[in-house]
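Any read-out appearing in this document is the output of simple, stated calculations on the displayed coordinates, not a laboratory observation. These figures come from a predicted structure and were not determined experimentally. With ideal geometry, Cβ positions are generated from the backbone for all residues, glycine too; neighbour counts draw on all protein chains shown.
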Amino acid sequence: MPSPAQAIAALMQQHLGCKVLPDSMQLIATGASGRSIMRSSSPCAQGILGIYWTANRADNASFVPAAKGLAAAGVQVPQLLAEIDLGQGCGACLVQDLGTQDLLSLKDAPWPIRKTAYAKALRALIPLHNLRPDWPLQPAFNADMYRWEQEYFAEHLLTRHLGYPADLLKNEPAMQRMANNLASLPGVPIHRDFQSQNIMLQGGLAYLIDFQGMRLGLAEYDIASLIYDPYMNLSEEESNELFGLYAEMKGAAPDEHIFCACAMQRLMQALGAYANIGYNQHKEWYLSLIPTGLSKLRQIAARVPVGSPVADVARWLESVI
């Protein structure tokens, strides 16, 4: 099996018809998912990224069909240029290089600049939610998947980070009720990880990346992922302004209790990931995001309307965080 650099260099050479050496490949992103993203320093390979993946995660091989389907539907994603199946669940592809400016790079910019970028991101997302994909997606959100997110939060954040008993959340019936309630609602195609690092800005447009985890779920999950993204740490006023902007684009505001439930789910998943990666992969930067994530979770718990079907979840979370 070729190394990521060898596989991507060979595919670039075949696609471009010029010499591209593995030594010219520069790793720009990698992770536990088994994906490596590279650029080449070769002059003939400028403007192209190479992506290599393994079978470490089931969604890795979904990137290429999703890229084709989204582009055909007019969703703003990087152009797919070439692909190769390397066998044993591994593969590589070439895509348009959208540069280095993602939404996160604007974290310290004045609010009017950030708001304009957020508006572009929301406009790019809405067509995805309206799709009827004819390619295989990842398994749809169901009650078991919502429960997995909750228990991931319990294991890594509540127990490992805060020191609570491991079964604290598992014994809270309100969590199962929320999972069942969300799973009973009709789903649409969602990005699944719609946060500031997965939105690239180029040429006045916002492009979606890392969409291989697409599945059926609730649009509110994606919107909450963006508005309550701990990486960006928006103020409550800014978050509310974006919520209103999305409602204006859609012509109606999302149901408040569904939105709040999705936001709590997403933040629990994110906090579980920060603690897991921080402690188990020894990437301490992720631990620094936990206070912001907990603050966002408290903020959304306080937002849950009185009498909402998930009010008991909000009150339970407020009591433990």
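Computed quantities for the displayed model
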read-out	value
Given charges at Cβ of Lys, Arg, Asp, Glu: the range 103-320 dipole, positive-most of Ala143, Ile300, Tyr207	Tyr207
Hull shadow area, averaged, the chain [alpha-carbon convex hull, nm²]	16.8
Two-decimal ratio, the range 4-96, of alpha-carbon radius of gyration to 2.2 N^0.38 Å	1.03
Listed residue pairs exceeding 25 Å between alpha carbons, taken from Lys107/Lys296; Lys19/Lys283; Lys170/Lys283	Lys19/Lys283; Lys170/Lys283
Ranked by how many other beta carbons lie within 10 Å on average, peptides 57-65, 194-202 from highest	194-202, 57-65
Longest to shortest principal axis, alpha-carbon extents of the range 94-152, angstrom	41, 31, 25
Ala247-Asn280 FRET efficiency (beta carbon distance; Förster radius 51 Å; 0.05 resolution)	0.85
Centre separation in Å (Cα based) which lies between the range 251-272 and the range 108-130	18
Local net charge near Phe211, Cβ-Cβ under 9 Å (Lys/Arg +1, Asp/Glu -1)	-1
Length released on extending from Leu185 to Ala302, taking residue separation times 0.36 nm less the Cα-Cα span	39.8 nm
Principal-axis tilt of helix 111-129 within the chain, Cα atoms, nearest 10 degrees	80
